[in-house]
Amino acid sequence: MEKIFVKPNGPLKGSVRISGAKNAALPIIAASILGTEEIVLEDIPELKDVEVITEVLRRLGLKIEKNKNTLKIDPRGLNTAKTDYELISKMRASFLVMGPLLAKMKEAYNSLPGGCNIGSRPIDLHLKGFKALGAEIEMTHGEIRATCEKLVGAKIYLDFPSVGATENIMTAAVLAEGETIIENCAMEPEIVDLANFLNKMGARVTGAGTSTIRIKGVEKLTGCTHQIIPDRIEAGTFMVAAAITGGDILIENIITSHLKPVIAKLEESGAQIIEEGDNVRVIGSETIKPLEIKTLPHPGFPTDLQAQFMALLTQADGQSSIIETVFENRFMHADELKKMGAKIKVIDREAVLLGKNKLYGSKVSATDLRAGAALILAALVSEGETEISEIYHIDRGYENIEEKFRNLGANITRIDV
Ligand code: UD1
């Protein structure tokens, strides 16, 4: 079993290039099912989750060639609407093939999705959308089957702006007859990237990035070349790395407008942020000020950076509070940070941190993807060695994480023990 070992090594300094966004790559790869000609995707991060979704597509009959960070996808071989159970159960995002399959094949079979263990993560809103477009849904023994004679545009109001549901409904609706309007939809930058990709293939999607998306159905989508947006969560993780170690890091390939709440909170904590075109320099301060953070759907503070900020706030001078409103069970990293010496009280959806705490290298476990990143960040400023297990979670979402941290001066190694 592989583990990551981290020893403190002073402030991190240097530059790091941010990879393409996992959460944009996954729905876009899934949406390639909709095409009728070759699709070239650039800046696809080399990650476990990407491997899983490409394998799902291969087993559906698509031809995929990978050359480092470029994928060439030929969707013409699509020959089944039944996804592979074993693969789907590995990753929740595999459920994103449902919309494209339903649009293209008029049916889609899937098992109930797996993924990070952060709350119940239902799929009711995805199914509500499919039904509104005219699909029938059958659920038996953990399997879902969606079928339709044809999909017809509809007005769909989402009770919560779910990212996955918005994406699945968009990719189902692009080939539907007539117009679909998704209200109270997710506004994440990854939704905008998906819309741009679909439009390059001939779709007619407008309003992505606002709370109402309109989709005029077209008869077919073709192919295109598309470059994935930079990963704002990876960028945010390295920004916190600069802040927590009192370092000075130039973060390259970043879209700052995607990171407004993160930049605002880091500045509030005392860090200096200097924007230089596509790059951002983050200079940590000697004293970290406490923060009040509340996670929200975009453009609010991202839940995917909540754990990393919790690591940061263990080093703040005074009491901080983090309220998690997006997921119901996303504080598992608090227990791991407590093993390292953090003083954190979790009551329901609020974590209160009593900083500043001296942290000690410990044996801890990456309870989910972002929790794993938070433990690396905490380990950078802990006395002694930290041993992180269950690191397959980290590999689901961070490309070359040790190499990137090592290039900044961190003492981090991966060992198969
Ligand atoms: C996506 C991201 C994930 C991020 C999350 C929130 C991908 C691959 N993953 O996950 O990294 O943490 O957005 O920003 O892009 N919900 C329902 N019913 C549904 C669907 C969701 O109640 O049908 C609830 C969930 O339980 C959760 C909340 O909505 O509490 C947010 O989920 P959602 O936005 O759907 O997240 P994902 O798309 O799974």
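Side notes on the structure shown:
- Test: residue in segment 182-203 that is free of Cβ contacts under 8 Å to residues at least 24 places away in the same chain and farther than 24 Å from R232 by Cβ: yes
- Helices (runs of 4 or more DSSP H) (entirely within segment 35-114) containing at least 3 residues that are over 22 Å from the mean Cα position of the chain (by Cα), modelled with pLDDT of 95 or more and within 18 Å of L127 (Cβ to Cβ): 98-105
- Number of the exception - I28 against (1) open to solvent by less than 50 Å² (accessible area, probe 1.4 Å); (2) more than 15 Å from the ligand (Cβ to nearest atom); (3) touching a residue at least 60 places away in the same chain (Cβ under 8 Å): (2)
- Inside segment 314-337, residues that are over 20 Å from E188 (Cα atoms), outside any helix (DSSP H, G or I) and in contact with an Asp or Glu (Cβ under 8 Å, 6 or more places away or on another chain) make up a count of 4.
- Only residues that are assigned to a helix (DSSP H, G or I) and open to solvent by less than 10 Å² (accessible area, probe 1.4 Å) were counted in segment 1-25, giving 2.
- Of the residues making up segment 263-309, those that are within 12 Å of the ligand (Cβ to nearest atom) and either more than 24 Å from S19 (Cα to Cα) or open to solvent by 70 Å² or more (accessible area, probe 1.4 Å) (or both) number 2.
- Test result for I123, within 24 Å of I182 (Cβ to Cβ) and out of contact with any Ser or Thr (no Cβ under 6 Å at 6 or more places or on another chain): yes
- Candidates E179, E188, E167, E234 - the one that is within 19 Å of A132 (Cβ to Cβ), touching a Gly at 6+ places or on another chain (Cβ under 9 Å) and buried (at least 24 other Cβ atoms within 10 Å of the Cβ): E167
- For first residues located in segment 317-329 and within 16 Å of the ligand (Cβ to nearest atom) and open to solvent by less than 20 Å² (accessible area, probe 1.4 Å), partners that are part of a loop (DSSP other than H, G, I, E, B) and modelled with pLDDT under 95 and lie 6+ apart or on another chain with Cβ distances below 6 Å form the pairs E324/R330.
- Members of segment 138-160 that are within 29 Å of the chain's Cα centre (by Cα) and open to solvent by less than 40 Å² (accessible area, probe 1.4 Å): G142, I144, A146, T147, L151, G153, A154, I156, L158
- Residues that are more than 14 Å from the ligand (Cβ to nearest atom), in contact with a Leu (Cβ under 9 Å, 6 or more places away or on another chain) and assigned to a loop (DSSP other than H, G, I, E, B), drawn from segment 156-192: V174, L175, A176
- Per the listing T36, T54, the residue uniquely within 24 Å of N199 (Cβ to Cβ), within 16 Å of the ligand (Cβ to nearest atom), touching a Lys or Arg at 6+ places or on another chain (Cβ under 9 Å) and polar (S, T, N, Q) is T54.
The values are calculated or read from the model by the stated rules, or taken from the named source; none is laboratory data. These numbers come from a predicted model, not from an experiment. Here Cβ is always computed from backbone atoms with ideal geometry, including for glycine, and neighbour counts include all displayed protein chains. Just the protein is used for accessible areas: all its heavy atoms, side chains included, with ligands, DNA and RNA removed. Shrake-Rupley method; radii C 1.70, N 1.55, O 1.52, S 1.80 Å.
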